[in-house]
Amino acid sequence: MITALRMVATEQGIALAADRYGKIKMVLQVAAIIAILLNNVPFSLLTEVRVDVILLWLAAGVTLLSGLNYIVVNYKLLQTGR
């Protein structure tokens, strides 16, 4: 959906910048991937809480919110043509 929105914007000559939510999403995704690849170390040394799973769910939630926000904000921008 986001790719399609970006393609329409490009055809109209509009550049869509990433917002704060997209950047937070990216940080959470990278942190979750790293924690998963490291098998939850060093967190597993400190606690039994699966921090990697928590990070993964946070990344998924922020991804949904970020995508929705991106669509709402940029759809209005595309409608006005600015």
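The values are calculated or read from the model by the stated rules, or taken from the named source; none is laboratory data. Just so we're clear, the structure is a prediction, and the values are computed from it rather than from any experiment. Just so you know, the surface numbers come from the protein's heavy atoms only, side chains and all, with ligands and any DNA or RNA stripped out. Shrake-Rupley method; radii C 1.70, N 1.55, O 1.52, S 1.80 Å.
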Please give the Cα centre distance for segment 62-82 versus segment 17-31, rounded to the nearest Å.
15 Å
For the Cα atoms of the chain, what angle does the longest principal axis make with the long axis of helix 2-11, in degrees from 0 to 90, nearest 10?
30 degrees
With a 1.4 Å probe and every protein chain left in place, work out the accessible area per residue of the chain in Å², rounded to a whole number.
75 Å²
Percent of accessible area on segment 13-57 owned by carbon and sulfur, 1.4 Å probe?
72 percent
Taking all pairs of different Cα atoms in the chain, averaging 1/r and flipping that mean, what Kirkwood radius in angstroms comes out?
14.3 Å
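Per-residue ellipticity at 222 nm for the chain, helices alone: DSSP H runs ≥ 4 residues times -39500 (n - 2.57), over residue total, nearest 500 deg cm²/dmol?
After summing the helix terms and dividing by the residues of the chain, the value is -25000 deg cm²/dmol.
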